[in-house]
Amino acid sequence: MRKQLSRDENRGSVGTLARGLDILELFAGDSPELTQTEISERLGLPVPTVHRLVKLLTERGWLVRDVRSRRLRVGLGAARLLPALRLPDLARDPLRAMADRTGETVNLATLDGGEVLYLVSETGSNLLTLRSHVGLRLPAHATALGKCLLAQLGEEDARRAAGPEPYPALTPRTVTSWKKLHPQLARVRRESVAYSREEYEVGLHSIAVPLAWIEGDGPVAVNVSLPSSRAGREATAELTRELRAAAERITGAA
């Protein structure tokens, strides 16, 4: 049951919320566990203030305290609001396995507004490969992931998400209008695979397939990115099969 805030707690609630979010964001970096003293030092907040905020966050389940070390870590409060948070954990092992087998970089992403948002990135062993990272944002119109995600939307929603025309021309091959993007999305819907051939960056190819994820509130897809020199017909077909198999393993684990 939700705890009712007192009159004193309500006073300055915006500032209190901001400080609470600042605390939670500390755990998103390289420090999965922190003490109250460390939080105080990093944010420049008085220890009593940190104590009060941490008490509330632990009561609500956003933070939990290790009974032995007394250090704090993120709790399951976020999972109650964002069911799709399970997805990156479920996807990591299948994508890591694919990256190990193929040597290529494999990613999982969703659509945030009109941008591709990376949720998982597993780098392959090939010396010449794309280095991505979680949180990376890319334009939807010029990437295989973006086309795959847009194709999972309805016609009007996809056009709105693609943004105002003309779309930015990142290379000579970038599609810059809905008139040209629209038939590509129709093909993605028919074939359940999207390609970007030097549309985002010269010398870079990528392949993406949709991932059926019923718990999320938006489209999801997985992709592989590789240099054009390794993106021949046979390699593309094999990587497409690998992506579809990885997507099936992820949904099968849900």
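The values are calculated or read from the model by the stated rules, or taken from the named source; none is laboratory data. Computed from a predicted structure; not experimentally measured. Glycine gets a Cβ as well: all are built from the backbone with ideal geometry, and neighbour counts include every protein chain shown. Surface accessibility is based on the protein's heavy atoms, side chains included, excluding ligands, DNA and RNA. Shrake-Rupley method; radii C 1.70, N 1.55, O 1.52, S 1.80 Å.
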Would you mind stating whether Glu248 is more than 21 Å from the chain's Cα centre (by Cα) and either surrounded by fewer than 21 Cβ atoms within 10 Å (Cβ to Cβ) or among the charged types (D, E, K, R) (or both)? no
Count of residues meeting criterion [buried (at least 23 other Cβ atoms within 10 Å of the Cβ) and touching a His at 6+ places or on another chain (Cβ under 8 Å)] in the stretch 182-233: 3
For Arg160, which of the numbered conditions (1) assigned to a loop (DSSP other than H, G, I, E, B); (2) open to solvent by 60 Å² or more (accessible area, probe 1.4 Å) fails to hold? (1)
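Residues are listed down the side, and each one gets a yes or a no for (1) touching a residue at least 60 places away in the same chain (Cβ under 8 Å); (2) in contact with a strand residue (DSSP E or B) (Cβ under 7 Å, 6 or more places away or on another chain); (3) assigned to a loop (DSSP other than H, G, I, E, B):
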{"residue": "Glu165", "(1), (2), (3)": "no, no, yes"}
{"residue": "Ala169", "(1), (2), (3)": "no, no, yes"}
{"residue": "Val175", "(1), (2), (3)": "no, no, yes"}
{"residue": "Ala212", "(1), (2), (3)": "no, no, yes"}
{"residue": "Gly218", "(1), (2), (3)": "yes, yes, yes"}
{"residue": "Val222", "(1), (2), (3)": "yes, yes, no"}
{"residue": "Thr236", "(1), (2), (3)": "no, yes, no"}
{"residue": "Arg241", "(1), (2), (3)": "no, no, no"}
{"residue": "Ala246", "(1), (2), (3)": "yes, yes, no"}
For Met98, the lone unmet condition from (1) at pLDDT below 95; (2) of a type in the set (A, V, I, L, M, F, W, C); (3) in contact with a helix residue (DSSP H, G or I) (Cβ under 6 Å, 6 or more places away or on another chain) is (1)
Among the numbered criteria (1) in contact (Cβ under 8 Å) with a residue 40 or more places away in the chain; (2) open to solvent by 70 Å² or more (accessible area, probe 1.4 Å); (3) not hydroxyl-bearing (Ser, Thr, Tyr), which one does Ala151 miss? (2)
